[in-house]
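Before any comments, here is the structure.
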Amino acid sequence: MPKHIAWILLFLWASALIAGLVFYGKNQVTPFDPDGVLLHQSTDLAFDDRIVAELQANHISASTVLHIGSEKSCYCETVTEPHQAQLAKTLSEYGFISKQVSIESLPNLSKVITTIPALIVIDDQSNLRYLGPYATGLGCFTGQTLIGQIAQLATQTEYAGAVINADVEGCFCKA
């Protein structure tokens with residue numbers, strides 16, 4: 001086989017491989033709140049208090065970083081494990097504890113959070129500080145971690161209300 005044909009075949013193979021990866025990646029990125037359920041409900045002035053009351057009714061206390069996963073298999077939960085560990089380590093220095101629950105064990109919360117993995121941060125005064133994902137994009141691979149922003153929101157001294165991060169895309173599974 002002539003040398004130039006081999007190079008052309010190599011180029012075509014590499015192009016097909018890259019196109020396949022791009023296509024696969026685009027199909028894996030989904031909205032965190034695809035139907036706007038969380039965004040709509042978060043506009044209610046009592047939203048923060050309702051979320052905290054639901055968590056307290058399920059024995060989730062103040063100063064908690066709550067990872068919400070699923071009993072079903074979800075690849076995206078695996079992708080967030082490094083983010084979980086990093087956030088747990090960072091916030092443990094401020095007295096936060098980390099817990100994991102399945103969305104199925106919190107039926108009232110599943111009416112608000114329609115995709116997983118999700119994260120809720122409750123401060124030491126039982127204020128909702130953050131509700132949303134750990135990262136955007138394809139998680140650890142091409143995504144942008146939100147850990148620094150979440151840690152800052154959780155530890156700032158003044159409370160200005162919760163940040164509900166619903167309008168992002170990333171690696172999420174239907175809850």
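Would you confirm whether or not region 72-85 contains a residue that is of a type in the set (Asp, Glu), crowded, with 17+ Cβ neighbours inside 10 Å and assigned by TED's automatic domain parsing to the domain that holds Gln125? Scanning region 72-85, I find at least one residue that is of a type in the set (Asp, Glu), crowded, with 17+ Cβ neighbours inside 10 Å and assigned by TED's automatic domain parsing to the domain that holds Gln125, so the answer is yes.
Write out, first by first residue and then by second, each pair whose Cβ atoms fall under 6 Å of each other, whose residues are 6+ apart or on separate chains, and whose first residue, in region 152-175, is farther than 21 Å from Ala46 by Cβ while the second is β-branched (Val, Ile, Thr) and assigned to a loop (DSSP other than H, G, I, E, B). Once the first residue is farther than 21 Å from Ala46 by Cβ and sits in region 152-175, its partners that are β-branched (Val, Ile, Thr) and assigned to a loop (DSSP other than H, G, I, E, B) give Glu169/Val29; Ala175/Thr114. Residues in region 88-116 that are of a type in the set (Asp, Glu) and part of a helix (DSSP H, G or I): Glu104 only. Filtering Ser61, Ser98, Ser126 for residues that are on the phi > 0 side of the Ramachandran plot and over 14 Å from the mean Cα position of the chain (by Cα) leaves a single hit, Ser126. Count of region 26-43 residues, restricted to those that are outside any loop (DSSP other than H, G, I, E, B) and touching a residue at least 12 places away in the same chain (Cβ under 8 Å), is 7. Considering (1) surrounded by fewer than 21 Cβ atoms within 10 Å (Cβ to Cβ); (2) part of a strand (DSSP E or B); (3) at pLDDT 95 or above, the lone condition that Leu131 does not fulfil carries the number (1). Taking the conditions (1) modelled with pLDDT of 95 or more; (2) assigned to a strand (DSSP E or B); (3) not charged (D, E, K, R) in turn, Thr136 satisfies each one other than (1).
If you scan region 113-128, which residues turn out to be in contact with a helix residue (DSSP H, G or I) (Cβ under 6 Å, 6 or more places away or on another chain) and either crowded, with 22+ Cβ neighbours inside 10 Å or not β-branched (Val, Ile, Thr) (or both)? Once the filter is applied, which keeps residues that are in contact with a helix residue (DSSP H, G or I) (Cβ under 6 Å, 6 or more places away or on another chain) and either crowded, with 22+ Cβ neighbours inside 10 Å or not β-branched (Val, Ile, Thr) (or both), region 113-128 yields Ile116, Pro117, Val121, Ser126, Leu128. All conditions but one from (1) buried (at least 21 other Cβ atoms within 10 Å of the Cβ); (2) in contact with a Leu (Cβ under 8 Å, 6 or more places away or on another chain) apply to Ser98; the one that does not is (1). Total residues in region 44-87 satisfying the condition of being assigned to a loop (DSSP other than H, G, I, E, B), in contact (Cβ under 8 Å) with a residue 24 or more places away in the chain and farther than 17 Å from Tyr130 by Cβ: the figure is 5. Can you tell me how many residues within region 148-169 are crowded, with 20+ Cβ neighbours inside 10 Å and at pLDDT below 90? Of the residues in that region, 0 qualify.
The values are calculated or read from the model by the stated rules, or taken from the named source; none is laboratory data. None of the values given here were measured: they were computed from a predicted structure. Cβ sites come from the backbone with ideal geometry, for glycine too, and all protein chains shown count toward neighbours.
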